[in-house]
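Encoded as structure tokens, the structure appears first; notes follow it.
The values are calculated or read from the model by the stated rules, or taken from the named source; none is laboratory data. All values reported here derive from a predicted model rather than from experimental measurement. Cβ placement follows ideal geometry from the backbone for every residue including glycine, while neighbour counts extend to all protein chains displayed.
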Amino acid sequence: MNYDNIGVGSNVPASFNVIVEMSALGDPVKYQADPQSGRLRVETFMMTSMRYPANYGFVPETLAPDGRPLDALVVTPFPVVPGAVVEARALGTMHLTNERGPDTKIIAVPVDTVCPLTSKVRTLDDLPLLVLHEFRHFFVNYKVFESGRWSRFERWGSDNDAHDELLGAVATFRAAREHAE
């Protein structure tokens, strides 16, 4: 799969594409999309007996402060296979700090035409509190057995915060691409 041809989507920040790298509750293997080959590479085998609490991936044609595409968690009623593209809409953000610096995750659901079950879920407040606790617990603890790696929860952000993160990451990506040309 050539990820360059997928794009961020045509209606950012109202909706955007997410390329799933890890399925919700899938095996504890962390994959990362390889832009050169268009394949998923095994990045690491997780040393904790934890599984991603939602589908996890990235928003193409974005560039986050860590130099990688913006991360996203997509809450769905069923796991999505790695490599699939989900058109999503943002509910909010989860702000973390890890060994490399700030690390923001967009929390999203599929757009209503893809998943009518989540049509009434508009912000993080519409998710069960237990889901947010699972997200926080996972990202604070999944690296505990990996030497030199850590993650700390900072705060939740609103849907407007997510929109700002998306627009900023798209602008950073476009500026970097123009600079490279």
Exercise. Quick one: in the range 1-37, which of the residues that are of a type in the set (D, E) and touching a residue at least 12 places away in the same chain (Cβ under 8 Å) is surrounded by the fewest Cβ atoms within 10 Å (Cβ to Cβ)?
Worked result: D4
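This table checks each residue for (1) in contact (Cβ under 8 Å) with a residue 60 or more places away in the chain; (2) surrounded by fewer than 12 Cβ atoms within 10 Å (Cβ to Cβ); (3) in contact with a helix residue (DSSP H, G or I) (Cβ under 6 Å, 6 or more places away or on another chain); (4) among the hydroxyl-bearing types (S, T, Y).
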{"site": "P77", "(1), (2), (3), (4)": "no, yes, yes, no"}
{"site": "V85", "(1), (2), (3), (4)": "yes, no, no, no"}
{"site": "D125", "(1), (2), (3), (4)": "no, no, no, no"}
{"site": "L130", "(1), (2), (3), (4)": "no, yes, no, no"}
Exercise. Does the range 46-57 include one or more residues that are within 28 Å of R136 (Cα to Cα), out of contact with any His (no Cβ under 6 Å at 6 or more places or on another chain), among the polar types (S, T, N, Q) and modelled with pLDDT under 90?
Worked result: yes
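Just to be sure before I move on: is F173 among the hydrophobic types (A, V, I, L, M, F, W, C), in contact (Cβ under 8 Å) with a residue 40 or more places away in the chain, in a helix (DSSP H, G or I) and under 17 Å from A24 (Cα atoms) in the structure I sent?
no
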Exercise. Limited to the range 58-77, what total is found for residues that are among the small types (G, A, S) and not in a loop (DSSP other than H, G, I, E, B)?
Worked result: 1
Exercise. Is one or more of the residues making up the range 156-167 modelled with pLDDT under 95, part of a loop (DSSP other than H, G, I, E, B) and not β-branched (V, I, T)?
Worked result: no
Problem set entry | Positions within the range 54-106 being under 10 Å from the mean Cα position of the chain (by Cα), over 23 Å from L117 (Cβ atoms) and hydrophobic (A, V, I, L, M, F, W, C), in sequence order | F58, L70
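Could you list, in sequence order, the residues of the range 20-57 that are part of a strand (DSSP E or B), under 18 Å from V144 (Cα atoms) and of a type in the set (A, V, I, L, M, F, W, C)? Can you show your working first?
Restricting attention to the range 20-57, the residues satisfying the condition of being part of a strand (DSSP E or B) are 20-22, 29-34, 39-45, 55-57.
So of that shortlist, the ones also under 18 Å from V144 (Cα atoms) come out as 29-30, 43-45.
Residues satisfying the conditions are V29, F45.
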Exercise. Would you say V81 is of a type in the set (V, I, T) and in a loop (DSSP other than H, G, I, E, B)?
Worked result: yes
Exercise. In this structure, is F145 of a type in the set (F, W, Y), touching a Ser or Thr at 6+ places or on another chain (Cβ under 8 Å), part of a loop (DSSP other than H, G, I, E, B) and more than 24 Å from S15 (Cα to Cα)?
Worked result: yes
